[in-house]
1. Residue-wise, which Karplus ³J(HN,Hα) couplings in Hz belong to segment 20-37, taking 6.51 cos²θ - 1.76 cosθ + 1.60, θ = phi - 60°, and x for glycine or proline?
2. Starting from the Cα-Cα distance between residue 52 and residue 147, subtract it from 0.36 nm times their residue separation and give me the gain in nm to one decimal.
3. For an R0 of 35 angstrom, estimate the FRET efficiency from the Cβ-Cβ distance between residue 26 and residue 74 and round to the nearest 0.05.
4. May I ask you to give the solvent-accessible area per residue for the chain, in square angstrom, as obtained with a 1.4 angstrom probe?
5. Given H placed on each backbone N at 1.01 Å, which residues far from residue 58 in sequence or on other chains put an amide H within less than 5 Å of it?
6. Residue 81 to residue 127: extension gain in nm, 0.36 nm per residue of separation minus the Cα-Cα distance?
7. Could you derive backbone 3J(HN,Hα) for segment 106-115 from the dihedral phi with the Karplus parameters 6.51, -1.76 and 1.60 (θ = phi - 60°), listing whole Hz in sequence and x where the residue is Gly or Pro?
8. Take the solvent-accessible surface of the protein heavy atoms, probe 1.4 Å, and return the percent of it on segment 23-102 that carbon and sulfur atoms account for.
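The values are calculated or read from the model by the stated rules, or taken from the named source; none is laboratory data. Computed from a predicted structure; not experimentally measured. Here Cβ is always computed from backbone atoms with ideal geometry, including for glycine, and neighbour counts include all displayed protein chains. Quick note on the areas: whole protein, heavy atoms, side chains included, nothing else; ligands and nucleic acids left out. Shrake-Rupley method; radii C 1.70, N 1.55, O 1.52, S 1.80 Å.
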Amino acid sequence: YGIQLMGGQLRVGDWIECSGERGRVVSLNYQCVQIETIEGTEISFLNSTLFVRNYNNLTRNNSYELIKLIVGLNHGTDINRVREVLVEAMQQMRTKDQYGREIVDPKYGVYVVVEDMTENAVKIAVKQYILVAERIPYVDRSKEVIYEALNAAGIAVAFQQLDVHLIHEDKN
């Protein structure tokens, strides 16, 4: 397994996901792969484990991954207006990383779609391809940008509600 991995399937610096753990490869040899997680801990996987558990090399092809940020809106909200507000607001997130790469893949940009309709809300997804290494800070900041943009535009975010009906029975 080590020879297969070292033969080009995996490189130091790649971001991988295996067994629910995500991190950057910091070491690779014939027996194991060592990753540094986002939390800063180091985890080692036996090379055979990566193949048995079907690891995912997140950076092998283009270093971008699709993320969806979901927000629930009240029924009756003007979806086209929401789309305009969010696409415009998310433009401020189109910056570059420390190596000069676009954080949001310029080929796809940012797009806003209806993800789902439930009894409590119309769920909107803000979708974009972003650099794997920038995922955590990007998502954290994007949530703030989305909330602030909707709030400034007077668009209400839906809150789940539960109606309880009490029935009083007279036992006479």
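1. Those phi angles translate into x, 9, 10, x, 9, 5, 10, 8, 8, 9, 5, 9, 8, 10, 10, 10, 10, 7 Hz.
2. Length gained between residue 52 and residue 147: 30.1 nm.
3. The calculated FRET efficiency here is 0.15.
4. So the chain comes to 63 Å² accessible per residue, rounded to a whole number.
5. So residue 58 has HN proximity to 15, 16, 17.
6. 14.9 nm is the gain from fully extending residue 81 to residue 127.
7. x, 5, 10, x, 10, 9, 10, 9, 7, 8
8. Carbon and sulfur atoms account for 43 percent of the accessible area of segment 23-102.
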